[in-house]
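The values are calculated or read from the model by the stated rules, or taken from the named source; none is laboratory data. Since the model is a prediction, treat every value here as computed from it, not as a measurement. Neighbour counts run over all protein chains shown; Cβ positions are idealised from the backbone, glycine included. Ligands, DNA and RNA are stripped out before the accessible areas are found, and what is left, the full protein with its side chains, is counted by its heavy atoms. Shrake-Rupley method; radii C 1.70, N 1.55, O 1.52, S 1.80 Å.
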Amino acid sequence: MSDELPKAYRGMAFLKVTSVKHYTDKTFSFTCKRPDSFRFRSGEFAMIGLANGDKPLLRAYSIASPNWAEELEFYSIKVPDGPLTSKLQHIKVGDEIVMRPKPVGTLVHDALLPGKRLIMFSTGTGIAPFASTIRDPETYEKFDEVILTQTCRDVKELDYGKALIAEINSDELLQEVVGDKLTYFPTTTREKSERMGRMTDCLRNGVFEEVTGAPLTPETDRVMICGSMAMLKEHKQICEDAGMTEGSNSEPGQFVIEKAFAD
Ligand code: A2P
């Protein structure tokens, strides 16, 4: 069967879409069937996309679902003239997406040294890999405290994260694992909300410390960062200024970064 497929599709998995949810005119999430043999570590990404003639149109997407779930979930930006997302945003239940079943990434526990507090900094759809990590029991076995921050321009863009936290709080099994270890810290930068400002500024002006109880502490804090290039650069600098070293799969460190992919 696969011999009949164009070469570029060999080894690809075709996944049926099982749900689609639009959050704003800029973001949406969808779930699809998970191939039985597909394993991944929380925080990893895979190349996914749509069939497109001889060659599928693929982009890197963080897997937002926890690694124990039966379905794979993705959280995506909609770019009106983006080659993939301009089409992907119209997918419906029953449609098929294409995935290269080889997950990779650095926002994983393996790339961090042991610590007490895990802090995940995200902007926009950069929350996606952490949606997986905060639903993974291993996260709570490894850390006493888990903090997820998300900064968006507008209040409505925070809905995905808020729904995620509500889901964790209403899931009995997850609640047993998570207990009171998880803190969610959302901010907006353009539309008025309870907490305003970029997280980089919150770290510099003491608001982060006020909300979470302690400033960035290299001895006990471990950090994962996901967002735009500009955001990564600034957060990375803050971590380095605090005396932290960047980790990788081969050499774990105190912080790890990954670009929130979008087109
Ligand atoms: P701002 O509104 O002040 O630009 P974007 O949609 O441009 O990726 O931005 C998503 C969120 O990330 C916005 O709230 C934006 O704030 C914030 N942001 C943009 N650049 C940085 C940065 N260098 N450091 C921290 N946050 C940033």
Tell me which residues, restricted to region 129-161, are within 14 Å of the ligand (Cβ to nearest atom) and open to solvent by 20 Å² or more (accessible area, probe 1.4 Å). 153, 154, 155, 156, 157
Need the failing condition index for residue 218 against (1) closer than 26 Å to residue 140 by Cα; (2) within 16 Å of the ligand (Cβ to nearest atom), just the number. (2)
Kindly evaluate residue 24 against the criterion of being part of a strand (DSSP E or B) and either under 22 Å from residue 258 (Cβ atoms) or open to solvent by less than 30 Å² (accessible area, probe 1.4 Å) (or both). no
Note: among 253, 213, 206, just one is free of Cβ contacts under 8 Å to residues at least 24 places away in the same chain, away from the ligand (no atom under 14 Å from the Cβ) and either hydroxyl-bearing (Ser, Thr, Tyr) or open to solvent by less than 40 Å² (accessible area, probe 1.4 Å) (or both), namely 206
Can you tell me which of (1) part of a loop (DSSP other than H, G, I, E, B); (2) buried (at least 21 other Cβ atoms within 10 Å of the Cβ) is the one residue 248 doesn't meet? (2)
In the set 220, 189, the lone residue that is of a type in the set (Val, Ile, Thr) and more than 22 Å from residue 116 (Cα to Cα) is 189
The one condition in (1) touching a strand residue (DSSP E or B) at 6+ places or on another chain (Cβ under 7 Å); (2) aliphatic (A, V, I, L, M); (3) within 13 Å of the ligand (Cβ to nearest atom); (4) within 26 Å of residue 60 (Cβ to Cβ) that residue 196 fails to fulfil: (4)
Residue count, region 163-190, condition within 21 Å of residue 20 (Cα to Cα) and either touching a Phe, Trp or Tyr at 6+ places or on another chain (Cβ under 7 Å) or within 16 Å of the ligand (Cβ to nearest atom) (or both), comes to 1
Suppose we filter region 250-259 for residues that are under 21 Å from residue 46 (Cβ atoms) and touching a strand residue (DSSP E or B) at 6+ places or on another chain (Cβ under 9 Å); how many remain? 4
Out of region 95-128, which residues are under 14 Å from residue 48 (Cβ atoms) and within 16 Å of the ligand (Cβ to nearest atom)? 125, 128
Out of the residues in region 233-245 meeting the condition of being touching a Gly at 6+ places or on another chain (Cβ under 9 Å) and not polar (S, T, N, Q), tell me which one is surrounded by the fewest Cβ atoms within 10 Å (Cβ to Cβ). 244
Across region 221-230, the tally of residues that are within 9 Å of the ligand (Cβ to nearest atom) and over 16 Å from residue 158 (Cβ atoms) stands at 3
Given the conditions (1) open to solvent by 50 Å² or more (accessible area, probe 1.4 Å); (2) part of a helix (DSSP H, G or I), every one holds for residue 86 apart from (1)
Residues of region 90-128 that turn out to be more than 27 Å from residue 143 (Cα to Cα) and open to solvent by less than 20 Å² (accessible area, probe 1.4 Å), as a count: 4
Where residues in region 89-106 are assigned to a strand (DSSP E or B) and among the charged types (D, E, K, R), which of them is farthest from residue 26 (Cα to Cα)? 102
